[in-house]
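Data block below; observations after.
The values are calculated or read from the model by the stated rules, or taken from the named source; none is laboratory data. As the structure is a prediction and not an experimental result, all values here were calculated from the model. Glycine gets a Cβ as well: all are built from the backbone with ideal geometry, and neighbour counts include every protein chain shown.
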Amino acid sequence: MVESWAQLQRHRAGRLKTRDSVETVQKAWAQAHEIKADERADWARYNDTYDEVVDVLRRRYKDPHTDEWFAGNAGFQEDLDSLFTKLKAREADLAEIETRITDEKEKWYRRALRASLLWGLAERSIGRSALTAILDDSEKPWDDVSQAVRGALPTVDEAAPTADDVLAKLEGLGREEDREQRGEVLAELFLRDATKSNVDGDDHNHGIPASCIPAAEALRHGAALDNVMADLEAKRSEAAGRKSVAEKHRRKLAELRRAQAAHLQAKSLKAQKRERKQKAPQVEDAVYESVPEGVSLEDVRACALCQVFAGLGVGKGRKVYESGADCETQHEEHVRMDHSCAAGRECVQLSDEDVDMMGSENSGVVICRECAEDLDRATTYCSGRCARRDFQRHREDVHVPGRRKLSKREVEVDTKDLVFEDEEKTRYHVEDVSKYVWKLDAALERFFTSRNPNAQILSTA
């Protein structure tokens, strides 16, 4: 990128040298003829010096310095030489040569921009595809291209040197004896930040970031500016790569730690449930402990659902009533508050007025097996029919998130049982909901009665 500055500086110097050479030719003619300046004199001078001036212009492009922007462009130089031959023979116009030079220079500007750091800055602003489209549009005038690229670049600090300032400082620094001075100028222009002082007590490198000091020293010893900047960019890319790898490793380690934590949690939950199953029945003590003090056991009534959930280790505890009368007056409210149908407003009892809740195999309270066994949730439905109709919502809102959280089983483990209702597979149900719920009688037998054979069950309502 920065050697482009050297090319621009060389172009500026060559242009000034050509201008001076033309003026020298014209002044020499004027001194030799001592003609009073008027239109006739100008015309005469033009005719007499025409060939010599054309030769001066021709030399400008015939044997360029290696730093010139068109150096090594043999096709362009051959075209120009041919045009200058025609110009000298007065068969071509100078405007044709200017147009050819302008077209070639625009191509060089586009190539130089792609290889410059400005490309990276503009790319981060508007994206590679947009920037490439701007530069690849050969029909777009260069003024429009440069304006579009300039608009994509960050705002330039007012304290930053202008292009003319940079070129003026670079002018005349090509001689071997000026090597150290040239390096110092380049370090000041491209490495030093006047607003910072990162090196305490080192006036020679004042304002140069510590990471750039080796580059500054290399410039002072005559290293090519492009090579130094390419080395800096390579080191920055390498550092960014190391940072990216480190960040990738950090994320991977964090993922492993989360997976380990989830595994340990699931393992702990499984161990707790296994321990509960393996322990000798302690439910009897818990049942007796729930009886209010001073109340006869013969008078106590208990909520069957609470007993089941207590046996599973979930729920709020055992609800007991001190008498049958209390049970009759309070139990309905207890069920409404603590064991309401999980379907909520979608409960079939609210929408189907003629539904027979007691006359089919899907009637009676049911308990969600996965919620109770794996998710520690006390989920009940008023009937198997209600559980079947609410299956999709409950599965997506409760089961699937719970499986992901526990990392205990495949998230889509029940997909084989789903019956889809539309081609898009957005609605579904299960034919046999009994695989996913327990009826209250069966659950009571499994989790309470089997552990308390002497307990007398008066009602499962």
query: In the stretch 119-129, is there at least one residue being surrounded by 15 or more Cβ atoms within 10 Å (Cβ to Cβ), at pLDDT below 85 and either polar (S, T, N, Q) or in contact with a Lys or Arg (Cβ under 8 Å, 6 or more places away or on another chain) (or both)?
result: no
statement: Restricted to the stretch 171-205 and to residues being in a loop (DSSP other than H, G, I, E, B) and surrounded by 15 or more Cβ atoms within 10 Å (Cβ to Cβ), the residue modelled with the highest pLDDT is Leu191
- line: Only one of (1) modelled with pLDDT under 90; (2) within 17 Å of Val437 (Cβ to Cβ); (3) surrounded by 16 or more Cβ atoms within 10 Å (Cβ to Cβ) does not apply to Ala342, and that is (1)
- line: Among Ala246, Ala271, Ala262, Ala254, the single one that is in contact with a Ser or Thr (Cβ under 8 Å, 6 or more places away or on another chain) and modelled with pLDDT of 55 or more is Ala262
- prompt: Does Glu289 satisfy the criteria of being outside the structural domain of Lys319 (by TED's automatic domain parsing), within 30 Å of Phe447 (Cα to Cα) and at pLDDT below 75?
  reply: no
task: Select from the stretch 410-436 the residues that are in contact (Cβ under 8 Å) with a residue 24 or more places away in the chain and either closer than 26 Å to Leu264 by Cβ or surrounded by 15 or more Cβ atoms within 10 Å (Cβ to Cβ) (or both) and list them in ascending order.
output: Tyr428, His429, Val430, Val433, Ser434, Tyr436
task: Please work out which residue is surrounded by the fewest Cβ atoms within 10 Å (Cβ to Cβ), limiting yourself to the stretch 347-376 and to residues that are of a type outside the set (A, V, I, L, M, F, W, C) and modelled with pLDDT of 90 or more.
output: Arg369
message: Can you tell me how many residues within the stretch 292-304 are at pLDDT 65 or above and outside any helix (DSSP H, G or I)?
response: 3
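Here's the yes/no breakdown for (1) modelled with pLDDT under 75; (2) closer than 30 Å to Trp438 by Cα:
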position	(1), (2)
Gly222	no, no
Ala280	yes, yes
Asp285	yes, yes
Cys306	no, yes
Gly311	no, yes
field: Complete set of residues in the stretch 316-339 that are surrounded by 13 or more Cβ atoms within 10 Å (Cβ to Cβ) and of a type in the set (Lys, Arg)
entry: Arg318, Lys319
